[in-house]
Amino acid sequence: MLTACDIFGTRTPEAPSQTSSTFTPPTDPSMVFTNLANAIHDLSTVNYLRSFADSSTSSRSFQFDPTPQARSLYGGVFLNWNRQSEQQYFENLRSKIASGSAASLELLSLTAQSIQSDSAQYEATYRLTVPHTQSNIATVFQGRAQFLMITDRSRTWSIWRWIDLGGNQNEASWSDLKGAFAQ
């Protein structure tokens, strides 16, 4: 008896290899913040990095200015902070968040300081909640930040300079989170 396989039959689909995430091409500068919040919630390094200027597609390289307190506390960590530093910090952070948990970014106020055809400046008050497993590091980070933005060659927006202004001295800032997970 001869048996043959059914080459025209359907098969059971495979499960996706990665979780889905939400990213919308930022054709308006405010969309960068929506994508940033979604990337943090989804813990998507790829989409997180898409929020920052890439010198291969734009006229500027990404730059981060931490709070003076974090610069002092974490020494040389912030000396040459760049897009790769963002990637390293975010991946380190992701590895310390339990499966099934999600981080959240709330922009309590987001104000456009100026918007031109190819550049923009925003100021935001943020609250970042990160349910990581490091007991000696805060899980809530609050403060204010300024974001300078540009368009790239494909006319999509990204952050080229991020200035963390911090907030109350008794509260951890986003700079503190980056410093703690930088290495």
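The values are calculated or read from the model by the stated rules, or taken from the named source; none is laboratory data. Note that this is a predicted model, so its numbers are computed, not measured. When we count neighbours, we look across all protein chains shown, and the Cβ atoms used for this are built from the backbone with ideal geometry, even at glycine.
Quick notes
- Set 142, 146: member being closer than 18 Å to residue 104 by Cα, among the polar types (S, T, N, Q) and not in a loop (DSSP other than H, G, I, E, B): 142
- Being free of Cβ contacts under 8 Å to residues at least 24 places away in the same chain and either surrounded by 20 or more Cβ atoms within 10 Å (Cβ to Cβ) or more than 17 Å from the chain's Cα centre (by Cα) (or both) holds for only one residue in 114, 158, 175, 154, and it is 114.
- Any hit, the stretch 54-71, residues being touching a strand residue (DSSP E or B) at 6+ places or on another chain (Cβ under 8 Å), buried (at least 19 other Cβ atoms within 10 Å of the Cβ), under 18 Å from residue 107 (Cβ atoms) and not acidic (Asp, Glu): yes
- Check on residue 101, without any contact (Cβ under 8 Å) to a residue 60 or more places away in the chain, outside any strand (DSSP E or B) and over 13 Å from the mean Cα position of the chain (by Cα): yes
- Checklist (1) in contact with a Ser or Thr (Cβ under 7 Å, 6 or more places away or on another chain); (2) in a helix (DSSP H, G or I); (3) over 13 Å from residue 174 (Cβ atoms) applied to residue 90, failing item: (3)
- When the stretch 121-138 is filtered for residues that are surrounded by 17 or more Cβ atoms within 10 Å (Cβ to Cβ) and either closer than 14 Å to residue 167 by Cα or of a type in the set (Asp, Glu) (or both), the ones remaining, listed by number, are 124, 126, 128.
- Condition met for residue 50 (surrounded by fewer than 19 Cβ atoms within 10 Å (Cβ to Cβ), farther than 19 Å from residue 140 by Cα, at pLDDT 95 or above and in contact with a helix residue (DSSP H, G or I) (Cβ under 8 Å, 6 or more places away or on another chain)): yes
- Pairs, first without any contact (Cβ under 8 Å) to a residue 12 or more places away in the chain in the stretch 132-145, second of a type in the set (Gly, Ala, Ser), C-beta under 9 Å, six or more apart: 136/180; 139/172
- Residue in the stretch 104-120 that is in a helix (DSSP H, G or I), at pLDDT 95 or above and within 18 Å of residue 165 (Cα to Cα) present: no
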